[in-house]
Structures are given as C-alpha cells and as structure tokens.
Amino acid sequence: MSCIFCKIANKEIPSDCVYETENIIAFRDLNPQAPVHILIVPKIHIDSMNDINSENSAVISEIFETVNKIAEQEDIKDSGYRVISNCGEDGCQSVQHLHFHLVGGRKLSETLS
Ligand code: AMP
Ligand code: ZN
C-alpha cells in the first residue's frame, strides 16, 4: 500500500503525533497554515468524504468526538478553530486518504474559499 497516511498510521513513516487511539491518529501537518494545524485521520483507509457510509462511520464519530479534546490539548478550545476536509479535485484534496484539518491559533479568514 503506497498511501502515505496508511504508512503514518502503521508507523512505517514517522509523524509528529499528538493523539492516537486504536482507530484514529492525529499529527501535525508538515506544512502548517496556522500556529495549530493538525490532521485527524482514520487508521483504516477511506479515500475521501465521498466514501463515508454506515459501515465505516463509527470512526468518523470518533474523530468528531476527539476534535474538542485535541483543541483543549492545543489550547485553542476557547479561542476557536476550524475543521476542514477537502474532497476531490475542486476541493483540492492532495492526499487520497480521508483526513480532517484542525486549524487554529490565529484569526482565520472569514471566507472559506
Ligand atoms: P489535503 O490537501 O487536504 O489533501 O491535505 C493534505 C495535507 O497533508 C497537506 O496539508 C500536507 O501538508 C499534509 N501532509 C502531506 N504529507 C504529510 C506528512 N508526511 N506528514 C504530515 N502532513 C503531511
Ligand atoms: Zn490510506
């Protein structure tokens, strides 16, 4: 499997991990867009938002239950943050393994584009 986030999940390549369970891993983005920029990733390979379904959605729930824990750990829970998942070509998804960007630590742009 050549997927880079599968390799990170399997510890075949290192990451700056900030949170991990049996099902998910969260690590700092290599190219941070803000003081806090963490990727929250299911350990099972899911290509994108387009592939979430009733069979695999438990891990998505776990990810969203985890966001506020990581935000607290990173001290951005009160100041606020944004969670983003890019999907497909127009969404500018560059890694084809579903992931959620947790971004904060500065005032973010009011526009989503
Ligand atoms: P996206 O464009 O939404 O697919 O986001 C992919 C993100 O993965 C980008 O922000 C990259 O900087 C980040 N990234 C790619 N490879 C790594 C890596 N090995 N460790 C941490 N972040 C990575
Ligand atoms: Zn993968």
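The values are calculated or read from the model by the stated rules, or taken from the named source; none is laboratory data. From a predicted model like this one, the values you see are computed outputs, not experimental measurements. Cβ placement follows ideal geometry from the backbone for every residue including glycine, while neighbour counts extend to all protein chains displayed. Side chains are part of the model used for accessible areas, which takes the heavy atoms of the whole protein and leaves out ligands, DNA and RNA. Shrake-Rupley method; radii C 1.70, N 1.55, O 1.52, S 1.80 Å.
Brief remarks on what is shown
- The alpha carbon radius of gyration of region 55-113, expressed as a multiple of 2.2 N^0.38 Å, is 1.25.
- By the Cβ distance rule (another cysteine Cβ under 4.7 Å), the unpaired cysteines of the chain are Cys17, Cys87, Cys92.
- Rounded to the nearest 20, the size of the Cβ-charge dipole of region 4-66 about its Cα centre is 220 debye, with Lys and Arg at +1 and Asp and Glu at -1.
- Note that region 28-38 has calculated 3J(HN,Hα) couplings of 6, 5, 5, 10, x, 9, 7, x, 10, 8, 10 Hz, one per residue in order, obtained from phi through the Karplus relation 6.51 cos²θ - 1.76 cosθ + 1.60 (θ = phi - 60°); glycine and proline are x.
- Long-range lysine pairs (8 or more apart or interchain), the chain, Cα under 22 Å: 6
- Exposed loop sites, defined as GluC sites (Glu not before Pro) outside DSSP H, G, I, E and B with at most 12 other Cβ atoms within 10 Å, are absent from the longest region of the chain, namely 56-88.
- Its relative contact order, with pairs defined as Cα atoms under 8 Å and 6+ residues apart, puts region 1-54 at 27 percent.
- Electrostatic dipole magnitude of the chain [Cβ: Lys, Arg +1; Asp, Glu -1; Cα centre; debye, to 20]: 280
- Entry note: region 3-67 has Rg to Rh equal to 0.96, where both radii use alpha-carbon atoms and Rh is the Kirkwood radius.
- Separation in nanometres of the label points that stand 7 Å from Cα toward Cβ, at Ser113 and Cys17: 4.0
- Long-range Cα-Cα pairs in the chain (distance over 17 Å), rounded percent: 53
- Under the simplified labelling scheme, the Asn10-Arg106 pair shows an inter-label distance of 3.6 nm, with each label point 7 Å from Cα along Cα→Cβ.
- HN-Hα J in Hz across region 74-87 - Karplus 6.51, -1.76, 1.60, θ = phi - 60°, x for Gly and Pro: 8, 6, 10, 4, 7, 6, x, 6, 9, 10, 10, 10, 7, 10
- For region 32-113, the relative contact order is 50 percent, taking Cα pairs closer than 8 Å that sit 6 or more residues apart in sequence and dividing their mean separation by the residue count.
- Positive-end ranking of Ser85, Gly104, His45 along the dipole of the chain, with charges on Cβ about the Cα centre, is headed by Gly104.
- The label point for Asp75 and the one for Gln96, both projected 7 Å from the Cα toward the Cβ, are 4.1 nm apart.
- Stretchable slack from Glu65 to Arg82, in nm (0.36 nm times residue separation minus alpha-carbon distance): 4.7 nm
- With DNA, RNA and ligands ignored, accessible area of Lys77 (1.4 Å probe; Å², nearest 10): 90
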